[in-house]
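This report concerns only the one structure given below.
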Amino acid sequence: MVLEYAPALESRDIVDIRPSYGLFVNGAFVDGHGEPFKTIDPSTEDTLAEVACADASDVDRAVAAARGAYERVWGPMPGRERAKYLFRIARLVQERSRELAVLESIDNGKPIRESRDVDVPLVAAHFFYYAGWADKLGHAGFGPDPGPVGVAGQVIPWNFPLLMLAWKIAPALACGNTVVLKPAETTPLTALAFAEICVQAGLPPGVVNIITGAGETGRALVEHPGIDKVAFTGSTDVGRQIARAVAGTSKKLTLELGGKAANIVFDDAPLDQAVEGIVNGIFFNQGHVCCAGSRLLVQESVAEPLLERLKTRMRTLRVGDPLDKNTDVGAINSAAQLERIRELAASGESEGAVGWAPECALPERGFWFAPTVFTGVAQSHRIAREEIFGPVLSVLTFRTPEEAVVKANNTPYGLSAGVWSEKGSRILWAAQRLRAGVVWANTFNKFDPASPFGGLKESGFGREGGRHGLEAYLDV
């Protein structure tokens, strides 16, 4: 008997990347009036495509198209009819899943295993889930007959381009809103592929509009008077600017911002399981995760054996081509983000922490950073306070559960946390005291469309996912 194995490398040939892309407005691709920009493959630094840039006049066109579709077609449409379109989109995402996964890995730098097995399946799942809500909004707990808000302006980041799109668009459409969405300038390609899916699904023109560009385009969208609801995922600094811009208007606002999550390991935790959770918590998607477990708080009595097992596990991680199915850690998304990671890692060394990384031959081209762990970290160090958004783990120790909670909460952020213990009572005790929007128990980075996600403090407000994710898109 001969066993045939799939090739290690996924083929780039299954995606048809055009030399240039336009904006998607009112159901068609059109030219932008801004200066076009290039999107590159972060693993090779090769140019993938030239992408149109929307200026203020293009934002006007997109918002006008969304308003017209909202008033004439999508808003008055019965929920059961809207649900059919969402189901159709979900099925098309599944049918094109391999293509979308490869495109996401090429444009973003993340390993194909993550795009294929996590991102794209969750995208389809979100559209399936919210399709089910479209004709049941009166039973969501927000009044007997809630209505849509209107036109939603949505700005998404580069770390999960297609998944963040699904988090934003699926509940908005289910509730009867229309959308103008701006993807990140470094990762626009899967959003534009999604526009093609909208055409395939027969979605009425103007219901979904995709405008591409950098910060100025996003600012024009957020500040546009024709926008009724703003949803943003990204950095805390930009979130503050958006909050100031929206203040004093009637626009609804949700913000999902940065994080500096604590992953707490108690002395009775299953250490091998905890190590896997730690690795997943910080090295998944190169650490480009707002809820990454970037601070490891470990009880002193088990710190040494845990770190030995962690380093042994880190030596098995493979850094390299995102399209290699055996890759664990892909490319950093951009040169600017790589510089940010290097600068903060250097600050850790200069402030007295001890950095360690496994021996790792990094590719000569592209943007790469080896998975790194810092020990001897103090709470005052920048690497313990600032969001690095890269594969860098800071290790702190504690003696008592009370000290663990105090250290975990000693941050302006409050997005997520993890607790590792074999005692359910200890997990619940800690979870009740942690100032975080999401607390995982004996796991990390687990997501489900039916579960709400969002933060506290400087990690933003509002929830995405689940029944709670409907509220921001309903006029209640």
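Matching residues to (1) farther than 21 Å from PHE453 by Cβ; (2) aliphatic (A, V, I, L, M):
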position: ARG67; (1), (2): yes, no
position: TYR85; (1), (2): yes, no
position: ARG91; (1), (2): yes, no
position: GLU99; (1), (2): yes, no
position: GLY109; (1), (2): yes, no
position: VAL123; (1), (2): no, yes
position: PHE128; (1), (2): no, no
position: ASP135; (1), (2): yes, no
position: PRO144; (1), (2): yes, no
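Using beta carbons and a limit of 6 Å, which pairs, at least six apart or on different chains, have the first residue in the stretch 189-207 and open to solvent by 10 Å² or more (accessible area, probe 1.4 Å) and the second one at pLDDT 95 or above?
Going by the 6 Å Cβ cut-off, the qualifying pairs are GLN200/LEU92; LEU203/TYR85; PRO204/ALA69; PRO204/VAL73; PRO205/ASN26; PRO205/GLY27.
Output the qualifying pairs, or none if there are none: Cβ atoms under 9 angstrom, residues six or more apart or on different chains, first residue in the stretch 222-233 and under 15 Å from TYR473 (Cα atoms) and open to solvent by less than 30 Å² (accessible area, probe 1.4 Å), second residue in a helix (DSSP H, G or I) and among the β-branched types (Val, Ile, Thr).
Going by the 9 Å Cβ cut-off, the qualifying pairs are ILE227/VAL63; VAL230/VAL222; VAL230/ILE242; VAL230/VAL246; PHE232/VAL222; PHE232/VAL238; PHE232/ILE242.
For the stretch 282-289, check the following and say yes or no: at least one residue is out of contact with any helix residue (DSSP H, G or I) (no Cβ under 6 Å at 6 or more places or on another chain), in contact (Cβ under 8 Å) with a residue 60 or more places away in the chain and part of a loop (DSSP other than H, G, I, E, B).
Within the stretch 282-289, one or more residues are out of contact with any helix residue (DSSP H, G or I) (no Cβ under 6 Å at 6 or more places or on another chain), in contact (Cβ under 8 Å) with a residue 60 or more places away in the chain and part of a loop (DSSP other than H, G, I, E, B).
Any idea how many residues of the stretch 13-53 are open to solvent by 20 Å² or more (accessible area, probe 1.4 Å) and touching a strand residue (DSSP E or B) at 6+ places or on another chain (Cβ under 9 Å)?
Looking only at that region, the number is 20.
Taking interchain pairs and intrachain pairs at least six residues apart, which have beta carbon atoms under 6 angstrom, with the first residue in the stretch 255-268 and among the polar types (S, T, N, Q) and the second open to solvent by 10 Å² or more (accessible area, probe 1.4 Å) and outside any loop (DSSP other than H, G, I, E, B)?
none
Looking at VAL302, VAL329, which is the one that is crowded, with 22+ Cβ neighbours inside 10 Å, on the phi < 0 side of the Ramachandran plot and in contact (Cβ under 8 Å) with a residue 12 or more places away in the chain? Don't jump to the end; show me each part of the working.
On the way: VAL302 fails: crowded, with 22+ Cβ neighbours inside 10 Å.
Of VAL302, VAL329, the one residue that is crowded, with 22+ Cβ neighbours inside 10 Å, on the phi < 0 side of the Ramachandran plot and in contact (Cβ under 8 Å) with a residue 12 or more places away in the chain is VAL329.
Suppose we filter the stretch 59-83 for residues that are farther than 16 Å from LEU221 by Cβ, of a type in the set (D, E, K, R) and open to solvent by less than 70 Å² (accessible area, probe 1.4 Å); how many remain?
So the count comes out to 2.
Among the numbered criteria (1) farther than 21 Å from PHE283 by Cα; (2) free of Cβ contacts under 8 Å to residues at least 12 places away in the same chain, which single criterion is violated by ALA361?
(1)
List every residue pair whose Cβ atoms sit under 8 Å apart, with the two residues 6 or more apart in sequence or on different chains, where the first one lies in the stretch 114-139 and is under 24 Å from MET77 (Cα atoms) and the second, anywhere, is open to solvent by 30 Å² or more (accessible area, probe 1.4 Å) and hydrophobic (A, V, I, L, M, F, W, C).
Short answer, once both residue conditions are applied: PHE127/PHE87; PHE128/PHE87; TYR129/ALA450; ALA131/PHE87.
Which residues, counting only those in the stretch 444-476, are outside any loop (DSSP other than H, G, I, E, B) and open to solvent by 70 Å² or more (accessible area, probe 1.4 Å)?
Once the filter is applied, which keeps residues that are outside any loop (DSSP other than H, G, I, E, B) and open to solvent by 70 Å² or more (accessible area, probe 1.4 Å), the stretch 444-476 yields LYS457, PHE461, ARG467, HIS468, GLU471, ASP475.
Scan the stretch 332-386 for residues that are touching a His at 6+ places or on another chain (Cβ under 7 Å), buried (at least 17 other Cβ atoms within 10 Å of the Cβ) and either assigned to a helix (DSSP H, G or I) or not aliphatic (A, V, I, L, M) (or both) and jot them down.
Within the stretch 332-386, the first condition is being touching a His at 6+ places or on another chain (Cβ under 7 Å), and the residues that meet it are 333, 348, 351, 353.
Then drop every residue that is not buried (at least 17 other Cβ atoms within 10 Å of the Cβ), which leaves 333, 348, 353.
Matches in the stretch 332-386: ASN333, GLY348.
Taking the condition of being within 24 Å of GLU216 (Cβ to Cβ) and charged (D, E, K, R), how many residues in the stretch 15-33 meet it?
Matching residues across the stretch 15-33 total 1.
Of everything in the stretch 397-406, what is surrounded by fewer than 23 Cβ atoms within 10 Å (Cβ to Cβ) and touching a Leu at 6+ places or on another chain (Cβ under 6 Å)? Give them in sequence order.
Scanning the stretch 397-406 gives a single hit, PHE398.
Suppose the filter is within 18 Å of the chain's Cα centre (by Cα) and open to solvent by less than 10 Å² (accessible area, probe 1.4 Å); does ALA292 pass it?
yes
Criterion first (within 19 Å of CYS290 (Cα to Cα), among the aliphatic types (A, V, I, L, M) and not in a loop (DSSP other than H, G, I, E, B)) does ALA417 satisfy it?
Taking the combined requirement at face value, the residue satisfies it.
Okay, residues lined up against (1) within 23 Å of the chain's Cα centre (by Cα); (2) farther than 25 Å from TRP158 by Cβ; (3) not basic (Lys, Arg):
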| residue | (1), (2), (3) |
| --- | --- |
| ARG382 | no, no, no |
| THR397 | no, yes, yes |
| GLY437 | yes, no, yes |
| LEU456 | yes, no, yes |
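Return yes or no: is ALA125 within 23 Å of HIS468 (Cβ to Cβ), among the small types (Gly, Ala, Ser) and open to solvent by 10 Å² or more (accessible area, probe 1.4 Å)? Please lay out each step first, then the result.
Numbers: within 23 Å of HIS468 (Cβ to Cβ): yes; among the small types (Gly, Ala, Ser): yes; open to solvent by 10 Å² or more (accessible area, probe 1.4 Å): yes.
It is true that ALA125 is within 23 Å of HIS468 (Cβ to Cβ), among the small types (Gly, Ala, Ser) and open to solvent by 10 Å² or more (accessible area, probe 1.4 Å).
Given LEU338, LEU307, LEU344, which one is within 29 Å of GLU10 (Cβ to Cβ) and of a type outside the set (Phe, Trp, Tyr)?
Testing whether each residue is within 29 Å of GLU10 (Cβ to Cβ) and of a type outside the set (Phe, Trp, Tyr) leaves just LEU338.
When the residues of the stretch 218-242 are narrowed to those that are among the polar types (S, T, N, Q) and touching a Leu at 6+ places or on another chain (Cβ under 8 Å), which ends up nearest to ILE156 (Cα to Cα)?
First pass over the stretch 218-242, keeping only residues among the polar types (S, T, N, Q): 233, 235-236, 241.
After this cut, where a residue has to be touching a Leu at 6+ places or on another chain (Cβ under 8 Å) as well, the list is 233, 235-236.
On the way: THR233: 5, SER235: 10, THR236: 13 Å.
So, considering only residues that are among the polar types (S, T, N, Q) and touching a Leu at 6+ places or on another chain (Cβ under 8 Å), the one nearest to ILE156 (Cα to Cα) is THR233.
Which of the residues that make up the stretch 401-458 are at positive phi and free of Cβ contacts under 8 Å to residues at least 60 places away in the same chain?
LYS457
To keep it simple, each residue is scored yes or no on (1) open to solvent by 10 Å² or more (accessible area, probe 1.4 Å); (2) farther than 18 Å from GLY390 by Cα; (3) of a type in the set (A, V, I, L, M, F, W, C); (4) at pLDDT 95 or above.
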| position | (1), (2), (3), (4) |
| --- | --- |
| THR254 | yes, yes, no, yes |
| ASN263 | no, no, no, yes |
| ASP268 | yes, yes, no, yes |
| ALA274 | no, yes, yes, yes |
| LYS311 | yes, no, no, yes |
| ASP321 | yes, no, no, yes |
| ASP324 | yes, yes, no, yes |
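The values are calculated or read from the model by the stated rules, or taken from the named source; none is laboratory data. The shown structure was predicted, so the numbers you read here are calculated from the model rather than taken from an experiment. Note that each Cβ is placed from the backbone with ideal geometry, even for glycine, and that neighbours are counted across all protein chains shown. Quick note on the areas: whole protein, heavy atoms, side chains included, nothing else; ligands and nucleic acids left out. Shrake-Rupley method; radii C 1.70, N 1.55, O 1.52, S 1.80 Å.
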